[in-house]
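Every number in this text was worked out from the coordinates using simple rules, so none of it is lab data. Only a predicted model underlies this, so the values are computations on that prediction, with no experimental measurement involved. Note that each Cβ is placed from the backbone with ideal geometry, even for glycine, and that neighbours are counted across all protein chains shown.
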Amino acid sequence: MNILVWLILCVIWGTTWIFIKIGLEDLPPITFAAARFILAVIILAAVIFFQRIPLPKTARDWRLMALTGILQFSVNYSLVFWSEQFISSGLAAVLQAMITVFGLVLAWIFLPAERITRLKVFAVIVGIVGVAVIFIEQLQINDFWAFAGSVAIVIGAYAAAQASILVKARGGALHPASMVFSQMVCGTPVLILYALIREGNPLDFHWTWRAVICVLYLTIPGTIAAFWLYYWLLSRIESTKAMMISLVTPLIAVIIGAIFLGETLPPQTVFGGILILISIGLIIYRKKRKVEQ
């Protein structure tokens, strides 16, 4: 079951890159991100009400949800949406893969049972090299804003990794849907405020059917289903293994882009994909060998 959920998450998050790219052609970035999360909050509120899912009750839990919500939704997603105006989706994917590096270090600090090993480090390096190989032609930084966008993606990757580690370390007693809802309630107001101040009235924007479909896809599969499943999975497997998803999603994004958007599939995709699969295999092999011993 864990493997199935892990694969589903790879597919969902591997396709969100394309919907972000398409949606940004009609909508400004922060408003786009805020619309996604506002709709997700509304839908999750109904689900939680009718299924009677308990919300966080203690001040400690709400502090955790506020901190991780700001890190995951205010910081990470706003920086991802903003930076893709200035850098290629390929470069964004490579830099976003730094989630695994930050996750490896942060797990060592916050999760004593998850130690850094040479095999883990090697596996993560191989995976990131695989992603870089696929997008080797898109890795150039041509001006100041491209550099700023690259830095923003790395900061967002740290924020996402830190949020995941804190949730695993301190949020094990909370329901996944309750966590996603509470995090977005705490993290989305910052996006709304920024969008209104910097981007203006959302009713004045170009809300095409294409933009609406992108928001719906990013809301339902890309946010509600994905984070619900991710937090469920995070409570059952090592955080490093869960965050290895960020290495697979760029490969899926490239393949989906070639199939549905007619984008050229880089010739080195197969080699890069093999490196990514090797990195995943090394993590699985390490776990199996430990069990056998």
Listed highest first by mean packing, meaning other Cβ atoms within 10 Å per residue, what order do 259-270, 169-180 come in?
169-180, 259-270
Kirkwood Rh in Å, taken over all unlike Cα pairs in region 169-214
13.2 Å
Contact order relative to length of region 2-292, as percent, for alpha carbon pairs under 8 angstrom and 6 or more apart:
40 percent
Estimated 222 nm signal from helices in the chain, with DSSP H stretches of n ≥ 4 weighted -39500 (n - 2.57), rounded to 500:
-24000 deg cm²/dmol
Base-10 log of normalised Debye intensity for region 9-94 (one unit scatterer per alpha-carbon) at q = 0.13, 0.27 Å⁻¹
-0.56, -1.36
For region 134-191, would you read off the P(r) tail past 15 Å as a percentage of all alpha carbon pairs?
67 percent
Report the dimensions of region 68-137 along its three principal axes from the alpha-carbon atoms, largest first, rounded to Å.
39, 32, 8
To one decimal place, what Kirkwood hydrodynamic radius in Å is obtained for region 70-183 from all pairs of distinct Cα atoms?
15.1 Å
Proximal aspartates and glutamates relative to residue 241, as straight alpha-carbon distance under 15 Å, when same-chain residues fewer than 8 apart are discounted
114
Just order 129-136, 156-163 by mean Cβ neighbour count inside 10 Å, highest at the front, would you?
156-163, 129-136
With the Cα gyration tensor of the chain in hand, convert its eigenvalues to equivalent ellipsoid semi-axes via √(5λ) and list them largest first in whole Å.
28, 26, 17
So how do 46-55, 209-218, 249-258 stack up, highest first, on mean other-Cβ count within 10 Å?
249-258, 209-218, 46-55
